[in-house]
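The numbers here are math on the coordinates, done by the rules we state, and not lab data. Owing to the predicted nature of the structure, the values given are computational and were not obtained by experimental measurement. Methodologically, a virtual Cβ is constructed for each residue, glycine included, from the backbone with ideal geometry; neighbour enumeration extends over all protein chains shown.
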Amino acid sequence: MKQNQIAEISISYTPSRYNQAKIQTTEEAYNVLKEFFAQGTISLQEQFVVMYLNACHNVLGIYTASKGGITGTVADIRLILGLALKTASTAMIIAHNHPSGNLNPSVADEVLTQKLKDAAALLDVNLLDHLIVSDTGFYSFADEGKM
């Protein structure tokens, strides 16, 4: 009789204790996150980036969740939250760019933010902010009272 080969799942987590940025302001979050957007294509291609934080708001890591086209990209909520759990994050900040340079959120941006905030809350992960970035500045959902 042939036995099924089933993969065993193992978990290992060793966070870096060195050079962890501590995020206390929106400006600090923007300054860290903007480095993860490809500057050569920030005005051409939309990207979605996630910053994972611990309870002290130290940066655990940054993940480029997707790269899309000129007018959009896909942010997979399951993947974003799966990584939050894998990194034992208690908070996160999401960011994406608008290649047009227009920093105003679209209805789709607002819907995604609320959907991700609600889903994260079920896992006791706090979505602190959603930044829209361009090569000239940023828009903060938290600063505008939309979180």
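Overview of results
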read-out	value
Overall Cα dimensions of region 25-107, principal axis frame, Å, largest first	35, 27, 25
Under 5 Å, built H, 5+ apart or other chain: amide partners of ALA91	LEU53, ASN126
Net lengthening on full extension, ILE77/ASN58 (0.36 nm per residue, minus Cα-Cα)	4.6 nm
Table column - 3J(HN,Hα) (Hz), region 132-147, Karplus curve with 6.51, -1.76, 1.60, x for Gly and Pro	10, 10, 9, 6, 10, x, 8, 10, 10, 4, 5, 5, 8, x, 9, 9
Helix-derived mean residue ellipticity, 222 nm - over the chain, DSSP H n ≥ 4, -39500 (n - 2.57), to 500	-7000 deg cm²/dmol
Added length on full extension, which subtracts the Cα-Cα distance from 0.36 nm per residue, ALA88 to PHE36	16.6 nm
Debye log10 I(q)/I(0) for region 60-147, one point scatterer per Cα, at q = 0.21 Å⁻¹	-1.07
Two-site FRET efficiency, THR136 against LYS22, from Cβ-Cβ distance with R₀ of 35 Å, rounded to 0.05	0.85
About the Cα centre, charge dipole magnitude for the chain (Lys/Arg +1, Asp/Glu -1 at Cβ), debye	520
